[in-house]
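Accompanying notes for the structure given below.
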Amino acid sequence: MTTERFHVTEFEVDGHVARITLNRPEAMNSLNPDLRWELSRRFDEVERNDEIWLAVVTGAGGRAFCAGADLKHRAREREATAEQRAEWARKAAETKSLTERWYFPKPVIARVNGFALGGGLELAMACDIIVAADHAELGLPEPRRGLIAGAAGVHRLPRQIGLKVAMGYLLTGRHMPASRAYGLGLVNEVVPLQDLDAAVDAWVADVLRCAPLSVRATKEATMRGLDMPLAQAFYTAYEWERRRQRSDDAVEGPRAFAEKRQPRWQAK
């Protein structure tokens, strides 16, 4: 296991699992330029490193997964020096959020340990699986601040929970408790905070039981297929499916089943 601590994130790799922690608990893990930039670097590494098969993202502390944009930082921007503005502009140019990585190849699990608001909920919705503590609250309160959920929140929420219900939250900025989010299908599982790690680990273990190339092929076909009519989605050739078909794992899976043993996946 390797752990790297940066200015506002932690990055741990244990086996084939990367764990990314937003580490600004004093600010409820709100997103300032430094945190956005570091998160971008962490997801670059997850995508690049062939030994990483999936990622878990969470927030430090027990109050918040991520409370969204750091509005206090925004308020101070007008008083920033030219040098500070240049540094923030550089980092912004180098930042690519998970919310804009439309076809991120590897599965990502959000461990929502508290408030997931604004950009925090947008980050969680960009993940594939959300496991939430029962005290968590989720929402897109941007209109209450004169803003908009512009990191695809206004687009993802209606796609994930339905138009009328989504508009009820989008146009009011209301929070939803984790139990409501589960009922709407936005969250996969809700557990007490003390059981959150065990619940996340169970999802991780189940993903790792699957062939990693099959997981990536499944995710790619699902996400790209949502943008197409059904017949077109069915007949489209997908890159990760081509890789899976040519892989050793495509042979290993049926062989392991026939030999009544656990498969030994290689992701190649």
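The values are calculated or read from the model by the stated rules, or taken from the named source; none is laboratory data. All figures in this text were calculated on a predicted structure; none of them were measured in a lab. Note that we place each Cβ from the backbone using ideal geometry, even for glycine, and neighbour counts take in every protein chain shown. The accessibility values were calculated without ligands, DNA or RNA, using every heavy atom of the protein model including side chains. Shrake-Rupley method; radii C 1.70, N 1.55, O 1.52, S 1.80 Å.
Averaging 1/r over every pair of different alpha carbons in the stretch 1-157 and inverting the result gives a Kirkwood radius of 15.8 Å. Suppose R0 equals 25 Å; then what is the FRET efficiency for residue 268 and residue 12 from their Cβ-Cβ distance, rounded to the nearest 0.05? For residue 268 and residue 12, the calculated efficiency is 0.55.
With a ≥ b ≥ c the root eigenvalues of the C-alpha gyration tensor of the stretch 109-154, is it rounded (a/c under 1.5), prolate (a/b larger than b/c) or oblate?
Details: a/c = 3.73, a/b = 1.55, b/c = 2.41.
Oblate, because a/c is 1.5 or more while a/b does not exceed b/c.
When a/c reaches 1.5 or more, the comparison of a/b and b/c decides; with that in mind, is the chain rounded, prolate or oblate per its Cα gyration tensor? It comes out prolate by the Cα gyration axes. What you get for the chain, charging only the Cβ of Lys and Arg (+1) and of Asp and Glu (-1), is a dipole of about 640 debye around the Cα centre.
Loop only by DSSP, 13 or fewer other Cβ within 10 Å of the Cβ. Give me the trypsin sites (Lys or Arg not before Pro) in the stretch 214-264 that pass, ordered by residue number. Mind showing how you got there, number by number?
Working: sites: 216, 219, 224, 242, 243, 244, 246, 255, 260, 261, 264; in loops: 246, 260, 261, 264.
Counting only loop positions with at most 13 other Cβ atoms within 10 Å, the trypsin sites (Lys or Arg not before Pro) in the stretch 214-264 are 246, 260, 261, 264.
Rounded to the nearest 500, what is the chain's calculated 222 nm mean residue ellipticity when only DSSP H runs of at least 4 contribute -39500 (n - 2.57) each, over all residues? Please report the intermediate quantities before stating the final value.
Numbers: 12 runs with 116 residues, N = 268.
Taken over the chain, the calculation gives -12500 deg cm²/dmol.
Projecting label points 7 angstrom from Cα along Cα→Cβ for residue 234 and residue 84 puts them 5.8 nm apart.
Set the Förster radius R0 to 41 Å, insert the Cβ-Cβ distance between residue 26 and residue 224 as r into 1/(1 + (r/R0)^6), and round the FRET efficiency to 0.05. It would help to have the intermediate numbers written out before the result.
Values: r = 40 Å, r/R0 = 0.97.
That pair, residue 26 with residue 224, gives E of 0.55.
Taking GluC sites (Glu not before Pro) in DSSP loop conformation with at most 13 other Cβ atoms inside 10 Å as exposed sites, the chain has its longest uninterrupted site-free stretch at 52-258.
Would you mind checking the pairs 91/268; 91/164; 219/260; 72/164; 72/219; 106/164 and listing those with alpha carbons more than 29 angstrom apart? Could the numbers behind the result be given before it?
Working: 91/268 35 Å; 91/164 37 Å; 219/260 27 Å; 72/164 32 Å; 72/219 37 Å; 106/164 31 Å.
Beyond 29 Å between Cα atoms: 91/268; 91/164; 72/164; 72/219; 106/164.
Expressed as cubic angstrom per residue, what is the convex hull volume of the alpha carbon set of the stretch 1-92? Don't skip to the end; give the middle numbers.
Working: hull volume 8.8 nm³, N = 92.
Here the figure is 96 Å³ per residue.
Element breakdown for the chain at a 1.4 angstrom probe: carbon and sulfur atoms account for 53% of the accessible area. At full extension, residue 45 and residue 154 could sit 36.4 nm farther apart than now, given 0.36 nm per residue minus the alpha carbon distance.
Site pair residue 259 and residue 5 shows an inter-label distance of 4.4 nm when each label is modelled 7 Å from Cα along Cα→Cβ.
Computed log10 I(q)/I(0) for the stretch 123-268 at 0.13, 0.15 Å⁻¹: -0.79, -0.95, from the Debye equation with unit scatterers placed on every C-alpha and solvent omitted.
Solvent exposure of the stretch 133-214, expressed per residue, is 53 Å² of accessible area, with all protein chains present and a 1.4 angstrom probe. Please report the relative contact order for the chain, taking Cα pairs under 8 Å with a sequence separation of at least 6, and give it as a percent rounded to a whole number. It comes to 14 percent, rounded to a whole number. Annotation: peptides 152-161, 225-234, ranked by per-residue average of other Cβ atoms within 10 Å with the highest first, follow the order 152-161, 225-234. For the stretch 12-163, a crude dipole built from +1 on the beta carbon of Lys and Arg and -1 on the beta carbon of Asp and Glu, taken about the Cα centre, is about 480 debye to the nearest 20. Among the chymotrypsin sites (Phe, Trp or Tyr not before Pro) in the stretch 93-184, those located in a DSSP loop and surrounded by at most 14 other Cβ atoms within 10 Å of their own Cβ are 102, 103.
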